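Here is the structure we will look at.
Every number in this text was worked out from the coordinates using simple rules, so none of it is lab data. Quick caveat: nothing in here was measured; it's all calculated off a predicted structure. Quick reminder, even Gly has a Cβ in these numbers, built from the backbone with ideal geometry, and neighbours come from all protein chains shown.
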Amino acid sequence: MQANMTDDPFESFIEVGIETLLMLMFIGAMLFVNKTLYAYIQVVTAILVCANVVALFIVPVIIWLTISESPLSYYFFGLLLLWDYALVTHIFKQSLSINLFASLALSLLYFIATYLGAFALGQLL
């Protein structure tokens, strides 16, 4: 999906690879600090599946947004991004046994570290 949104598909694949690597490292570090590293495979699988399910719903919304630029398409896009954030928050809350506010903060840190980190590293390469 990301390869079709940019001019250089090679750069897109590099950025997606960096995002995946940062996600794996972030979850590993988070679980290591919490001493629940035994749940690494389950947490990574849950986050990857949730992200891909949300991405499956985002594709037609992005097409709709690109074609019509309707305000409703922007609302749906924002709602789907919020849904993705809520899913990751719930996964962190359940896997780490932390409260909602800590899970919200950790999820925000996760999205900043993975997506903005991958973008920044992609710009350096």
Hey, F10 surrounded by fewer than 16 Cβ atoms within 10 Å (Cβ to Cβ), closer than 20 Å to A120 by Cβ and touching a helix residue (DSSP H, G or I) at 6+ places or on another chain (Cβ under 9 Å) or not: yes
Matching helices (runs of 4 or more DSSP H) fully within region 1-110 where at least 3 residues are of a type in the set (F, W, Y): 9-33, 40-68, 71-96
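Kindly establish whether G17 is within 18 Å of I112 (Cβ to Cβ) and out of contact with any Lys or Arg (no Cβ under 6 Å at 6 or more places or on another chain).
No: the conditions fail for G17.
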Residue count for region 110-125, restricted to those that are without any contact (Cβ under 8 Å) to a residue 40 or more places away in the chain and closer than 16 Å to M25 by Cα: 3
Enumeration of residues in region 88-109 that are out of contact with any Phe, Trp or Tyr (no Cβ under 9 Å at 6 or more places or on another chain) and in contact (Cβ under 8 Å) with a residue 40 or more places away in the chain: I91, S95, L96
Output for region 78-103, where each listed residue is surrounded by 16 or more Cβ atoms within 10 Å (Cβ to Cβ) and under 15 Å from the mean Cα position of the chain (by Cα): L80, D84, Y85, L87, V88, T89, I91, F92, S103
